[in-house]
Amino acid sequence: SSHFGASSCPRGRSHCFPIRAAEKLRAMAPWMSLLALGGHALLSRVTLADASRNLRALSNVSGVDVPCPGTGVMCAGNQCCPGFEGSGNLTFPCPSVELGQKHTCQTMFPIEAPTAMDVQDCLCTFDVDRTLTGKQGVVGDKCPANEVEPNVQDSAYGGGSLTLSAVGQSYAETFCGSCYVGVVTAGDASGANSPERNLLATKLSNAGILVSTSWSGPSKDREARASCEGVEIDSPLVAGCSDGTKQYAVAKIVELLQRTQGVAIAPARVWHFDDRENNVSPFQGTGMNARQISCATRDGEVGLCGATREEIVDAPGVATCGR
């Protein structure tokens, strides 16, 4: 056998693991489809990323049985998967190995990117006001895709009923639906423990990978807007970054994911979406990507309807409206 390491729980004893069988099967399904196709690039990136994300989630449950990429051999915890052509015929750790755990495998492949297509992790961050939201109460002819939340107040720009943009309602159909996600906003999203914050976190959690629903940043507890250069954060939902300093908070989210999730995301795989040009242009020279949104509907210097799903694209570089 090529299973060199010792599992924290004997294989075949599923009762050792705090996860329901149905959940495990759902998580494994995309991987089994990939294996059935021989690892060829016939699955969409979203399907592969879903599989990768699900296995990363399962890897936090020590010893969960999952299929080895490339061969389909089942493994668990600290065991090694058999080598195959994609791994240079070298053994590598089981996808459910505990992060940071020592192993005796011949290579780390494919823990960093556990698919034959080398699908890389990505991060999408969004502004809130006039990005995930639109102008309060403006729907109909001006913003037909927007949706009013009549029981949720939004204190931004004079206040009113929270009105979600198309992306604020759901970004699942965009490439960000298979990325880690976060918020970097200058405002405070109506303050600590507000219904607006809770709803935004729920909406973000419905698609991509939101690793925490708590908020951080200068305005974590109250309106205290400040430069986010050097800011310390403990969640990917960051409030209170002064305009022109959001790039620092986005970089800190990348560091947070590396530190807490063991996920290394390259700058070129990071995108920030914002309605204000002065929050997009400062990403020049950082290696990260940024795109201005709500370009077709403006309210002076800010967006009117907020982000459309068509504007959430993984094009490289820094792009402002009309450029």
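You will find that of VAL184, VAL152, VAL167, the residue that is closer than 26 Å to PHE283 by Cβ, outside any helix (DSSP H, G or I) and open to solvent by less than 50 Å² (accessible area, probe 1.4 Å) is VAL184 and no other.
Entry remark, the range 276-310: residues being closer than 22 Å to LEU164 by Cα and in contact with a strand residue (DSSP E or B) (Cβ under 7 Å, 6 or more places away or on another chain) number 12 in total. Residues of the range 269-310 that are open to solvent by 60 Å² or more (accessible area, probe 1.4 Å) and of a type in the set (S, T, N, Q): ASN278, GLN284.
Against the condition part of a loop (DSSP other than H, G, I, E, B), over 15 Å from VAL184 (Cβ atoms) and modelled with pLDDT under 95, how does GLY287 come out, does it pass?
Values: part of a loop (DSSP other than H, G, I, E, B): yes; over 15 Å from VAL184 (Cβ atoms): yes; modelled with pLDDT under 95: no.
No, not satisfied.
Taken over the range 102-129, the criterion of being open to solvent by less than 10 Å² (accessible area, probe 1.4 Å) and at pLDDT 75 or above is satisfied by CYS122, LEU123, CYS124, THR125, PHE126, ASP127, VAL128. Examine the range 258-269 for a residue that is among the polar types (S, T, N, Q) and in contact (Cβ under 8 Å) with a residue 40 or more places away in the chain, and state whether such a residue exists. Yes; the residues of the range 258-269 include at least one that is among the polar types (S, T, N, Q) and in contact (Cβ under 8 Å) with a residue 40 or more places away in the chain. Look at THR202 and say whether it is open to solvent by 10 Å² or more (accessible area, probe 1.4 Å), of a type outside the set (Lys, Arg) and over 17 Å from PRO282 (Cα atoms). Yes; evaluated as a whole, the condition is true for this residue.
Taken over the range 312-323, the criterion of being crowded, with 18+ Cβ neighbours inside 10 Å and in contact (Cβ under 8 Å) with a residue 60 or more places away in the chain is satisfied by ILE312 alone. For ALA207, the test of being modelled with pLDDT under 95, in a loop (DSSP other than H, G, I, E, B) and surrounded by 15 or more Cβ atoms within 10 Å (Cβ to Cβ) is passed.
Within the range 213-268, the set of residues being charged (D, E, K, R) and either surrounded by fewer than 18 Cβ atoms within 10 Å (Cβ to Cβ) or within 30 Å of MET108 (Cα to Cα) (or both) comprises ASP221, ARG222, GLU223, GLU229, GLU232, ASP234, ASP243, LYS252, GLU255, ARG259.
Table: residues versus (1) assigned to a loop (DSSP other than H, G, I, E, B); (2) within 17 Å of VAL270 (Cα to Cα); (3) without any contact (Cβ under 8 Å) to a residue 12 or more places away in the chain.
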position	(1), (2), (3)
VAL211	yes, yes, no
LYS220	yes, no, no
GLU229	yes, no, no
SER235	yes, yes, no
VAL238	no, yes, no
GLN247	no, yes, no
GLU255	no, yes, yes
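LEU99 falls short on exactly one of the conditions (1) open to solvent by 20 Å² or more (accessible area, probe 1.4 Å); (2) at pLDDT 90 or above; (3) of a type in the set (A, V, I, L, M), and that condition is (2).
The values are calculated or read from the model by the stated rules, or taken from the named source; none is laboratory data. What you are looking at is a predicted structure, and each value in this text was computed from that prediction instead of being measured. Methodologically, a virtual Cβ is constructed for each residue, glycine included, from the backbone with ideal geometry; neighbour enumeration extends over all protein chains shown. These area figures cover heavy atoms from the full protein model, side chains too; ligands, DNA and RNA do not enter into them. Shrake-Rupley method; radii C 1.70, N 1.55, O 1.52, S 1.80 Å.
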